[in-house]
């Protein structure tokens, strides 16, 4: 029994250890540089370093977010096109620097995101004594962009969202409640922002 349990743990560890995320894979796409050059090739992006790598005719080119305006990929994992922009944002200190954002919804109020891979631990036994598995998981940081160009970080809480979008608070509250939406889940948040833009 102990051998079987150890073998299962080994298999789970191997699976989670090799889990691939979209940002770790190459995707067919196009990239537009600051000089307005359009480049086609296989693209890999990294939110942590704000770097975009492109393979063009077997040559590898790396671009920082300072040199790129936009890129688009076809994500085979999700079977959809995804759009990314580099926009100035104040991360630390007083200076704005261009960083990569993914466009999730475009409207008078647009929803942008940045993804990050975090390590999560879970207990296989659902008890305090059983083995613990640490596995990578994808998390999103959300940003709201107004048509005037003002960007706000949104931490995912319903209370904060209703404060940011206070002009339509009552309508939003009813919509979120009646549709049982979660403000910290990407798919639900897209629905909420689409509804906000429609009223």
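The values are calculated or read from the model by the stated rules, or taken from the named source; none is laboratory data. Note that the structure is predicted; figures quoted are calculated from it, not measured. Backbone-built Cβ (ideal geometry, glycine too); neighbour counts: all protein chains shown.
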Fill in: Hits in segment 50-75 (condition: surrounded by 12 or more Cβ atoms within 10 Å (Cβ to Cβ), more than 16 Å from residue 30 (Cβ to Cβ) and in contact (Cβ under 8 Å) with a residue 12 or more places away in the chain)
50, 51, 64, 65
Discussion item. Residue 23 - would you say it is modelled with pLDDT under 95, in a helix (DSSP H, G or I) and within 28 Å of residue 191 (Cα to Cα)?
Written reply: yes
Item to complete: Go through 91, 104 for me and flag whichever is free of Cβ contacts under 8 Å to residues at least 12 places away in the same chain, in contact with a strand residue (DSSP E or B) (Cβ under 9 Å, 6 or more places away or on another chain) and not assigned by TED's automatic domain parsing to the domain that holds residue 192.
Response: 91
Worksheet item: Within segment 39-136, which strands (runs of 3 or more DSSP E) (wholly inside it) include 3 or more residues that are in contact with a helix residue (DSSP H, G or I) (Cβ under 9 Å, 6 or more places away or on another chain) and more than 16 Å from residue 23 (Cα to Cα)?
Response: 109-123
Worksheet item: How about segment 165-189: which of its residues are surrounded by 15 or more Cβ atoms within 10 Å (Cβ to Cβ) and out of contact with any helix residue (DSSP H, G or I) (no Cβ under 9 Å at 6 or more places or on another chain)?
Response: 186
Worksheet item: If you go through segment 141-164, how many residues are modelled with pLDDT of 95 or more, buried (at least 18 other Cβ atoms within 10 Å of the Cβ) and within 22 Å of residue 117 (Cβ to Cβ)?
Response: 2
Worksheet item: Are any residues in segment 126-154 within 24 Å of residue 96 (Cβ to Cβ), out of contact with any strand residue (DSSP E or B) (no Cβ under 7 Å at 6 or more places or on another chain) and without any contact (Cβ under 8 Å) to a residue 24 or more places away in the chain, and if so, which ones?
Response: 148, 149, 150
Discussion item. Take the conditions under 28 Å from residue 81 (Cβ atoms) and modelled with pLDDT under 95 and apply them to residue 99. Does it pass?
Written reply: no
